[in-house]
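Just so it is clear, none of the values below were taken in a lab; they were calculated from the coordinates. Bear in mind the structure is a predicted one, so any value in this text is a computation, not a measurement. FYI the Cβ positions are ideal-geometry reconstructions off the backbone, even for glycines, and counts take in every protein chain you see.
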Amino acid sequence: MGKEIKKFRIITICLIIIICTLFIYIADDIPNFGDPNAPPIKFVEILRVELNQESDLLDQNKIPYQLLSELTNRGFPIPVRIEKSSEYKDEWNGFIIKEEPHYEKEEKYYFIKKEDSFLKVYRYAFVVRWIEKGLKETAVPNMVTYGLADYRGYDTLGETTVIFTAGVSVILLLRRKSRL
Amino acid sequence: MEWFLAKIFAKYNYWIFIILMMIGLYGILAKNNLIKKIIGLNIFQTAIFLYFISLGAVKGGTAPIVDEKIIEKGYTYANPLPHVLILTAIVVSVATTAVALSLIIRMYQEYGTIEESEIIKKSTEKEI
Amino acid sequence: MKEKERDVIVETVSRVMIPFIQLFALYVIIHGSGGPGGGFQGGVVFASSFILFVIAFDILGGRKRFPESINTTLSSIGLYIYAGIGLLAIIFSRGMAQYLNYGFIPFTSHFQENRALGMDFVEMGIGITVMAIIASIFFDLAQKNE
C-alpha cells in the first residue's frame, strides 16, 4: 500500500509545480497592492479615438462626431451632459440618464481624457456610486451594511437559506434512532 | 535590482496567496486521513478570501464608514465591495465544513476507520 | 461510570462571563448600521456563548437549558422575518411591485429613513437564524448517539 501512496504524492507535486509556473507567468497583469488607480476602485479603459481638432467641443457640452459613432457602434449608452471633472485642463465627466423611480436621474458614467492626439474614454466602476451617494439614499453610515442588506438584499436572502439548509441536512444525517 | 523591487515587493499579497493555496491543494490531494483533507479545504478557502479582500485595499484608505471629519484630514475610503461578497462566501464555507464533518461521522459508524485507502479496500470487498 | 472532575476556575469564570457575552452579541447586531457589525457576526458570537457553557459544564445540562423545540422554532422564525419584509414591500408598493425595496413600507414619512429601519429588521432576522443553526449543528456533532 505504501508504494501507491508515494507514486500519488509525486504526481501531486508535479501538478503543483505546473500550476505555480502558470501563476508566475501571469504576474505582470496583477495590480500592485494598494494602488489607487486600479480598475476595481476607479475606472477601466473601454476605447480610444483618434482626434482631429475637435476637443474644444467637449468644453461647450457637445460631443464630437467620431466619439458618438464609435460609442453607438459598440452599443454603449450616449452621454447626455459633459462637464469638467477637476481643475486640470483635459479631463471631463460624462453623465447618462437611468430610468429608476425614486432615485436621482443622472449618473456619472464616463471619464474622458485627452492624451497627445488620442481621446481616451474610461468607464467608472459602480462602487463610486456606493461611496458618493450611499448616505443620501439610505440614511445609514456603514457602507458594508447597506451594501449587504439594501443594494444586494436578494443575495443575502439566498445566503440565509444556505445556512438553514446546512442545519437541516446535519439533522437528517445524524439523527437516525428515535429522536427525529 | 529595479525589477526585483517592482515585481516581488510591490505585489507581496499575490505571493502569499499562491503559497497558502498550494499548501491547501497538497493537503486535499495527497493526505490519507479524511480529517486532514477537510483541514486542507479550509486552508484553501482562507487563501482565496485573503487575496480577494486584499484587492480592495487603497493606499491612505480607512475603514468604509462614512464620516465627514475624516475626509477633511485627507483620507480616502477602502473599497467596500469585496467585504460584502466575502461575508457571503465565509458563511458558505462554514456550512460546507459542517456537512462534511457529519458525513465523516456517518462513515466512521459504517466502516470503522477514517483512512481513505482502507475504506476503498473495504467497500470493494463488500461488493464482491 | 466514572464521574467527571469538576474544574472550579473554569466553572466560576464562565458563570460570570456568559451573560456579558450575550449582551455584547446583542450590541453587535443592533449597532450594525452605525459602526462595524451586523447580523452574521452577532449571531455567531451569541452561539459561542452556548458552546462555552457546554465546555465548562456537561452537555446534557446544556441541552436541557436550550431545548430542541425552541431551537427549531427560532431557526425558522428568522427566515420568515426576512421573506416577510420583502412581501410587505410588494404589498405596499401598489402598482410597481418591487421586492425588497424597503422604502415603500410606511414606518416613517421619509423614503430614506424607511430603508434604514427595514435594514435593521432584516439584520435581526439574520442574527436569530444564524444563532439557532450554529447551536443546533454543534449539539448534533457533539452528542453521542448512544
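Structural remarks
- Residues A:Lys114, B:Lys69, B:Lys11 arranged by fewest to most Cβ contacts within 10 Å: B:Lys69, A:Lys114, B:Lys11
- Test item: Cα-centred dipole of chain C, Lys/Arg +1 and Asp/Glu -1 on Cβ, debye: 120 debye
- Cα-Cα separations in chain B greater than 25 Å, expressed as whole percent: 50 percent
- Within chain A, the longest run free of exposed loop sites, counting chymotrypsin sites (Phe, Trp or Tyr not before Pro) that sit outside DSSP helix and strand states (H, G, I, E, B) and have at most 14 other Cβ atoms within 10 Å, spans A:1-87.
- Three-way shape call for the stretch A:1-103 based on the alpha-carbon gyration tensor, with the a/c threshold at 1.5: prolate
- Of the DSSP H helices in chain C, those whose Cα atoms cover at least 30 Å axially and whose Kyte score averages -1.0 or more: C:8-30, C:68-92, C:111-142
- Relative to the longest principal axis of the Cα atoms of chain A, the long axis of helix A:127-137 makes an angle of roughly 80 degrees.
- C-alpha long axis of helix A:153-174 to longest principal axis of chain A, angle in °: 10 degrees
- Overall form of the protein assembly as shown per C-alpha gyration tensor (a/c, 1.5; a/b vs b/c): oblate
- Positive-end ranking of C:Pro67, C:Val130, C:Ala83 along the dipole of chain C, with charges on Cβ about the Cα centre, is headed by C:Ala83.
- Charging the Cβ of each Asp and Glu at -1 and of each Lys and Arg at +1, and nothing else, the dipole of the protein assembly as shown about its Cα centre rounds to 1660 debye.
- Residues A:Cys20, A:Cys14, sorted so that the one with the fewest Cβ neighbours within 10 Å comes first: A:Cys14, A:Cys20
- Once Rg and the Kirkwood radius are both taken over the C-alpha atoms of the stretch C:8-142, their ratio Rg/Rh works out to 1.09.
- Of all complete DSSP H helices in chain B, those with a Cα span along the helix axis of 15 Å or greater and a mean Kyte-Doolittle hydropathy of -1.0 or more are B:12-30, B:34-54, B:81-111.
- Selection from B:Ile35, B:Ile90, B:Leu50, by position along the positive dipole direction of chain B (Cβ): B:Leu50
- Cβ-derived FRET efficiency at R0 35 Å, A:Cys14 paired with A:Asn37, nearest 0.05: 0.35
- Charge dipole magnitude, Cβ of K and R +1, D and E -1 - chain A, Cα centre, debye nearest 20: 1660 debye
- The stretch A:31-180: C-alpha gyration tensor shape, a/c 1.5 cut-off, then a/b vs b/c: prolate
- Note on chain C: dipole from Cβ charges, positive end direction compared against C:His110, C:Gln41, C:Phe139; the farthest Cα belongs to C:His110.
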